[in-house]
Amino acid sequence: LEMAVLSAASERVRLPELLEFLDARGVRGRALSFDGLQAREARMFIAVPLQDVHGLEAVRRDLSMRFGEAVSLQEQVGTVTCVGAGINADWAYLRRALSAAEELGARVHAVHTSPLQLSLLVDKAHLKPLTARLHREFLGT
């Protein structure tokens, strides 16, 4: 799934303000995470499916006008998602998925897990090869 990732420093952009901005433009997020480790500047990340964004150029322009360099929009990425009961019962599936990505030379920008799924955010060029590789890895076909 082709995605864009919005990232912002929480000291420079308030999350409610950014979410209001996105809502006003009909931009829905797939996942939101917040990284507030003490040794670094806290950052927020919002994964946005591009299929749901209408007028991407206008959104990009408006983001720049409203937030300047405080918010960045990374495109040319996407998610490969594996779904199934027990996929996160332990770390085995994630380890195998990361190993498969590494074998293909696919840089993994982020990982999202939940009880029924694991998703890898990779460069757009690796979406189809990694999807096929994981299909073979987990389903044997």
- Item | Tally of residues being basic (Lys, Arg) and part of a helix (DSSP H, G or I) across the range 77-122 | 2
- Message: Residues that are within 24 Å of Val27 (Cα to Cα) and touching a helix residue (DSSP H, G or I) at 6+ places or on another chain (Cβ under 6 Å): does the range 99-106 have at least one?
- Response: no
- Mind counting the residues in the range 1-11 that are in contact with a helix residue (DSSP H, G or I) (Cβ under 9 Å, 6 or more places away or on another chain), among the aliphatic types (A, V, I, L, M) and at pLDDT 85 or above? 4
- Kindly indicate whether any position in the range 14-28 is among the aliphatic types (A, V, I, L, M), out of contact with any Pro (no Cβ under 8 Å at 6 or more places or on another chain) and exposed (fewer than 13 other Cβ atoms within 10 Å of the Cβ). yes
- Task: Taking the residues in the range 41-100 that are acidic (Asp, Glu) and free of Cβ contacts under 8 Å to residues at least 60 places away in the same chain as candidates, determine which candidate is surrounded by the fewest Cβ atoms within 10 Å (Cβ to Cβ).
- Result: Glu57
- Query: Could you say which residue among Arg14, Arg28, Arg96, Arg40 is within 29 Å of Glu137 (Cα to Cα) and either out of contact with any His (no Cβ under 7 Å at 6 or more places or on another chain) or at pLDDT 90 or above (or both)?
  - Reply: Arg96
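The values are calculated or read from the model by the stated rules, or taken from the named source; none is laboratory data. Quantities reported herein were computed from a predicted structural model and do not represent experimental measurements. Here Cβ is always computed from backbone atoms with ideal geometry, including for glycine, and neighbour counts include all displayed protein chains.
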